[in-house]
Amino acid sequence: MERGMNIGMVCYPTYGGSGVVATELGMALAEKGHRVHFINYRRPARLAHYLPGVFYHEVAPMEYPLFEFPPMDTALASKIVDVALFEKLDILHVHYALPHATIGYLSREILRTKSVHLPFVTTLHGTDITLIGADRSYFPVVEFSINQSDAVTAVSASLRQQTLATFAMEKDIHVIPNFIDFRRFGKREHPELRKQMAEDDERILIHVSNFRKVKRIDDVLAVFRKVQQHFPSKLLLVGDGPERPRLENLCREWGICSSVKFLGKQDTVEEVLSLADLFLLPSEQESFGLVALEAMACEVPVIASDAGGLREVIVDGHCGYTLPVGDVAGMAEKACWLLSDDGRLAAFRRAALERAHAFSLDRVLPQYESLYQSLV
Ligand code: GMT
C-alpha cells in the first residue's frame, strides 16, 4: 500500500505492559507515515505529548442514575464506529483480548451493516488468556471473540501454546514478540540519582511491575534479604498496585525498610533501570516480560522465574538466569554469584544488551505492518 494506513488502536491506557506495547507501536507506526487513532477512555500513559500522525479520541460514556457502572464497552464500540466512518480507518488493532476483541467484533459487525469493512487484529498479551480470559465468567465470550478476529497475534511462542491449550482455536496465531525502542532505552549515566538511591559501595537490585499477586514480589524481597547477607545493597521497587501495602508491612516485619525503596510509578523508568546491577522478575506467570527486556536494554542482567515466555527473552546463563517459580534459594544463589565478581557482572551486562537487540523495534515493526497489509 503506497499511502500510510489509518489504524485504530485500542488498549488499556494504564501502566500495564499491553498498553505500553500498544502505545509504543502506535507512535512508531505514525513515525513511518501511518495515521494512528488511539480510542480510549483515558490518554495512554506513554502518550504524553503531541506527535504528528497520532490522534486520541476519548470515550466518555454518558452517566445515568440507572447505571451503577456506565456501559464502557458500548461507548467504546460506538466511538470506534464513529471514528472508523469519519477517519476512514483501514484496520483496527486491539490489545488484550478482554473485552477488546469482543468490542472489535461488535464494531466490525456494526460497520458491516453500513457496507464498511473494518478488519481487526487482536494481540494476546498474557493474563487475558492465562488468568482472566480462562475464567469461567468470561471464557465463552473470549473464545468466540478471539476466533472472530481477522488475525490473532501473541507476544511469545509460549503464549501461543497456552492459548491453543486453553481455547478451541479456529484461527492461526502469529507470534510477534514485544520490542524495544533503543532511542529511548539504553544505559543512562546519572551519578546524582545514584547517590540518592544507594551508597557507592552498595549493589542495586530492582523490580518493576504493577504489584499484583502474579508477580510474586514476596520472592523479590526474600531474594533480596538473602543477597543482603552477603553484599551491602539496596532494592528499588518501581510501580504500584494492590500488593503494595502488604509488601510494605512485610518489609517492616523483616526489618529491611531502610534498604528497600518503594519509588511508585515512574515515567522515565529507563533512568532508574540504568542505576541497577540486577533485575528480579520471579513471576508466577509472564507471557513475555517486557520489563525484563527494558532492563536488558539498559544493560541490566535479569534473574527471573522460568514461567511462560521468559525463557524466550532471557538466555539462561548468558544475560541472566531463569529458575523454577518459587525457587528463592536458587535465585539468591545466582544473584550472589553474579554480584560477587565485577568482570562476570560486566560480561552479563554486555550480553543483556546484545540479547535485547534481537527485539529491536526495527525488527518487529515490519511484522505488524505486513500483517495489517495482508488484511486491508
Ligand atoms: O501483567 C502485567 O504486567 C500487565 C500485562 C498487561 O497485559 O498489561 O502484561 C502482560 O503483557 C505484557 C506486554 O505484552 C507482557 O510483557 C507481560 O509479560 C504480560 N504479563 C503477564 O503475562 C503476567
In whole Å, largest first, the alpha carbons of the chain cover along the principal axes 68, 48, 39
When the chain is treated as a Gaussian network with springs between alpha carbons less than 10 Å apart, the largest mean-square fluctuation among 193, 345, 310 is found at 193
Shape call for segment 191-358, from the Cα gyration tensor axes a ≥ b ≥ c (a/c under 1.5 means rounded, otherwise prolate when a/b beats b/c, else oblate), comes out rounded
Size of charge dipole - segment 191-358 - debye, nearest 20, with Cβ of Lys, Arg +1 and Asp, Glu -1, no other charges | 320 debye
Plugging the Cβ-Cβ distance of residue 226 and residue 171 into 1/(1 + (r/R0)^6) at R0 = 51 Å yields, to the nearest 0.05, a FRET efficiency of 0.65
If every Lys and Arg gets +1 and every Asp and Glu gets -1 at its Cβ, then about the Cα centre the chain yields a dipole, in debye to the nearest 20, of 240 debye
Zero-based 10 Å bins, Cα pair distances in segment 258-351, whole percents | 17, 49, 32, 1
Under Karplus coefficients 6.51, -1.76 and 1.60, residue-wise ³J(HN,Hα) of segment 320-325 in Hz, glycine/proline x = x, 9, 10, 10, x, 3
Listed residue (242, 204, 320) projecting farthest to the positive dipole end of segment 191-358, Cβ model = 242
Distance in Å, no decimals, from the C-alpha centre of segment 282-328 to the one of segment 5-35 is 25 Å
Counted charge near residue 347, where neighbours are those whose Cβ lies closer than 12 Å (Asp, Glu -1; Lys, Arg +1) = -1
Under 11 Å from the Cβ of residue 232, count the other residues' Cβ atoms, weight Lys and Arg +1, Asp and Glu -1, and hand me the total.
-> -2
Which FRET efficiency value, to the nearest 0.05, do you get for residue 45 and residue 3 by plugging their Cβ-Cβ distance into 1/(1 + (r/R0)^6) with R0 = 35 Å?
-> 0.70
Among the listed pairs 195/226; 79/213; 88/187; 32/114, give every one whose C-alpha distance is greater than 32 Å.
-> 79/213; 88/187
With r as the distance between the Cβ atoms of residue 350 and residue 193 and R0 = 30 Å, compute the FRET efficiency 1/(1 + (r/R0)^6) and round to 0.05.
-> 0.85
Among GluC sites (Glu not before Pro) in segment 136-195, those in a DSSP loop whose Cβ has at most 13 other Cβ atoms within 10 Å are 170, 189
Which whole-Hz ³J(HN,Hα) couplings does segment 79-94 yield from phi under the Karplus relation 6.51 cos²θ - 1.76 cosθ + 1.60, θ = phi - 60°, glycine and proline marked x?
-> 5, 4, 4, 4, 5, 4, 5, 6, 8, 6, 4, 8, 8, 10, 10, 10
For residue 145, the net charge from surrounding residues (Cβ-Cβ under 13 Å; K, R +1; D, E -1) works out to -4
Determine the gain in length on full extension of the stretch residue 246-residue 375; use 0.36 nm per residue of separation and subtract their C-alpha separation, reporting nm with one decimal.
-> 41.7 nm
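No lab work stands behind these numbers, since they all come straight from the coordinates. Values in this document were obtained by computation on a predicted structure and should not be read as measured data. As a convention, Cβ positions derive from the backbone with ideal geometry for all residues, glycine included, and neighbour counts pool all protein chains shown.
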